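A short write-up of the structure that comes next.
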Amino acid sequence: MTIHNALPVGSKVDVYEVTGVLGVGGFGITYKAYDTQLDREVAIKEYLPPSIAVRRVDGHSVVPSSEVNQKSYEFGLQRFLDEARVLAKFHAPNIVGVNRFLEQNGTAYLIMDYEDGELFFNYLRRQGALSERQFLDIFVPVLEGLKAIHLKSYLHRDIKPSNIYLSEGKYPKLIDFGAARFAWGEQSHTLTQMLTPGYAPFEQYQSHGRQGPWTDLYALGATMYLALTGKKPAEAPERVAALQDGHPDPLDSIEVSREGQYRPEILQVIDWMLEVRPIDRPQNAQQVLHRLTNTQAKLAVQVDEQKVIQGQVQRASRAAQRSVQQRRVTTTAGDIISRRRVPARREESQWLMKSTVALLAMAAMMLFTQYHSKASDPEAPSVYEAAGSAPSSQFTISGIK
Ligand SMILES: Nc1ncnc2c1ncn2[C@@H]1O[C@H](COP(=O)(O)OP(=O)(O)O)[C@@H](O)[C@H]1O
Ligand SMILES: [Mg+2]
């Protein structure tokens, strides 16, 4: 497929040979390429904002689409380079690795590690609502990545399922820092208003909105909401308008709508992150991490307890089986069995059967009390489900990019 404006396959950018297009976005084009020096694949992001720039007929150089756009183009290019410099300094496991950046063809390029894997968005579409375990396995590392960015006074500003990449082994990494801006005091100029409706909080729609870590946390809360419900939250301006008019919030509380399907600690955190007013949200990623890692620890303890119960049940049922088998061997060996001993053996084996049933009942009771709420909903993901097994029926993702 030929993408309008994209470098043709086989083009060279420094030592990198373009092998295909990975994506086209508001700030530029992402290519898959081959590093001929280090003999490995890379992903390259080229600065080419389609609203103000075009590729010339030579097929390589990028220029502003008109004189009017010249200033904005140059301003954006400098920001792209500033951001590339900062990104190249991040070496966090949950942020895509940027190796270098360079200027060529009248534009700039960001060279990243190529990750084999898939977008979280595609994963969700395929697999459906996440189980609690999957939720924590994905979002705890993403929060670690966000925390690392915020600690350097950076904001991502476009967190959404299609900007989280699951590399091999389903390890999540944040990608696409196209909308990132340094510092959250004074707002820097934006080339175009870059936001994704449904994920962007209200302050991103305002020209002087106070943005901070809480801005990314709202977008991450919206991503979590989608991951458990299949629905993108109502857009922030719609929510604000409804609340101002005294109408109910068009975004229903997930703690209410998914009650009994996920533990309240998880649902409450999502509602908290999705508060309309920045001041009502968690103020930093650590606050959310603290809640979720506590839940993760509880989950681990419960899984361990469940394993112990399963072990006991298995041992008891093996013992019962062995005992029955031993009796059969003795009988077929033709041993003399007195008539009086038969009822005794029956009693013994009945006792073993009863203990097994009692143990099974106990285990079932314990599981029921721990997870009683899950049992009522056949669609609810279970904490015991292995990755990929959560039910996906009725889980369709509505209209997002
Ligand atoms: N480091 C990477 N390794 C592999 N694929 C990547 C990498 N970075 C981005 N991609 C792919 O390129 C696509 C576009 O990337 P992204 O940075 O989100 O740009 P945009 O959304 O602006 O097009 C993504 O959907 C993803 O599939
Ligand atoms: Mg993207």
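Could you grab the pairs with beta carbons closer than 7 Å, sequence gap of 6+ or different chains, first residue in region 159-175 and touching a residue at least 12 places away in the same chain (Cβ under 8 Å) and assigned to a strand (DSSP E or B), second one acidic (Asp, Glu) and more than 10 Å from ligand 1 (Cβ to nearest atom)? Within 7 Å, no pair qualifies. Note on region 139-156: residues that are under 14 Å from Thr293 (Cβ atoms) and either over 18 Å from the mean Cα position of the chain (by Cα) or within 15 Å of ligand 1 (Cβ to nearest atom) (or both) amount to 1. For region 258-277, the criterion of being free of Cβ contacts under 8 Å to residues at least 24 places away in the same chain, in the same structural domain as Gln134 (by TED's automatic domain parsing), exposed (fewer than 14 other Cβ atoms within 10 Å of the Cβ) and under 26 Å from His150 (Cβ atoms) is satisfied by at least one residue. Would it be correct to say that Glu74 is under 25 Å from Ile29 (Cβ atoms) and touching a strand residue (DSSP E or B) at 6+ places or on another chain (Cβ under 7 Å)? No: the conditions fail for Glu74. Against the numbered list (1) within 16 Å of ligand 2 (Cβ to nearest atom); (2) in contact (Cβ under 8 Å) with a residue 60 or more places away in the chain; (3) assigned to a helix (DSSP H, G or I), Gly145 comes up short only at (2). Selection over region 72-98 of residues that are surrounded by fewer than 16 Cβ atoms within 10 Å (Cβ to Cβ) and either within 15 Å of ligand 1 (Cβ to nearest atom) or in the same structural domain as Val142 (by TED's automatic domain parsing) (or both) gives a count of 2. Taking the conditions exactly as written (at pLDDT below 90, more than 16 Å from ligand 2 (Cβ to nearest atom) and acidic (Asp, Glu)), does Asp113 satisfy them or not? Judged against the criteria, Asp113 is not a match.
Which strands (runs of 3 or more DSSP E) sit wholly inside region 23-80 and have at least 1 residues that are farther than 13 Å from Thr107 by Cβ and under 30 Å from the mean Cα position of the chain (by Cα)?
Passing ranges, in order: 28-35, 40-47.
Taken together, the residues in region 157-178 that are at pLDDT below 95, more than 11 Å from ligand 1 (Cβ to nearest atom) and either of a type in the set (Ser, Thr, Tyr) or surrounded by 21 or more Cβ atoms within 10 Å (Cβ to Cβ) (or both) amount to 2.
The values are calculated or read from the model by the stated rules, or taken from the named source; none is laboratory data. Bear in mind that the values here come from a model prediction, so they are computed numbers and not experimental data. Note that we place each Cβ from the backbone using ideal geometry, even for glycine, and neighbour counts take in every protein chain shown.
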